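So the structure is just underneath, and the comments pick up after that.
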Amino acid sequence: MPFVELDTNLPASRVPAGLEKRLCAASAAILGKPEDRVNVTVRPGLAMAVSGSAEPCAQLLVSSIGVVGTAEDNRGHSARLFEFLTKELGLGQDRIVIRFFPLEPWQIGKNGTVVTFL
């Protein structure tokens, strides 16, 4: 159950319509998870700085069980996510930062319990 959160200082008017759906589909494909298990949040218009600059930028947080726990995995995920984000947002790679956080099943609540017991 991946959680993908995109924060950007781009105004909502510069974020392509339907980005959340395309990011969901791309994340599912990149992470090898079913699209109906991927959760995406897009937050435009934030006060942000990347590398000390408030020029247009974005930060992506990817949290998931089992697929973001190694440098080797994340190198591949990173390359594909950067390709997607630079194309969709019109930003250079130097204006995007991606953070990967591995999750354990007991850290995600769903249907009144945690994923461990589903």
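Nothing in this text is a laboratory measurement; each read-out follows from the coordinates by a stated rule. This is a predicted model, so every value here is computed, not measured. Positions of Cβ are backbone-derived with ideal geometry, glycine not excepted, and every protein chain shown enters the neighbour counts.
Quick notes on this structure:
- Its relative contact order, with pairs defined as Cα atoms under 8 Å and 6+ residues apart, puts segment 2-117 at 30 percent.
- Taking a straight line from the alpha carbon of Lys110, these lysines sit under 28 Å away, with near neighbours fewer than eight places off in the same chain left out: Lys21, Lys33.
- Taking 7 Å steps out from each Cα toward its Cβ at Lys87 and Lys21 produces label points 1.7 nm apart.
- Gain upon complete extension [Leu46, Leu61; 0.36 nm per residue less C-alpha separation]: 3.9 nm
- When you work out D = kT/(6 pi eta Rh) for segment 18-58 at 20 °C and 1.002 mPa s, using the Kirkwood radius from C-alpha pairs as Rh and the Stokes-Einstein form, the result is 181 µm²/s.
- Residues with amide H under 5 Å from that of Cys57, placed H, sequence gap 5 or more: Asn9, Leu10
- Residues with amide H under 5 Å from that of Gly69, placed H, sequence gap 5 or more: none
- Given their separation in residues at 0.36 nm each and the Cα-Cα distance between them, Glu35 and Val114 gain 26.4 nm when the chain is fully extended.
- The 3J(HN,Hα) values that the Karplus relation (6.51, -1.76, 1.60; θ = phi - 60°) gives for segment 102-109 are, in residue order, x, 10, 9, x, 6, 8, 10, x Hz. Gly and Pro appear as x.
- Diagonalising the gyration tensor over the Cα atoms of segment 2-117 and scaling each eigenvalue by 5 before taking the square root yields semi-axes of 25, 15, 14 Å, largest first.
- Virtual spin-label span in nm between Ala12 and Gln107, 7 Å along Cα→Cβ: 3.1
- Karplus-derived 3J(HN,Hα), 6.51/-1.76/1.60, for each residue of segment 6-13, Hz, glycine and proline x: 10, 10, 8, 8, 4, x, 3, 5
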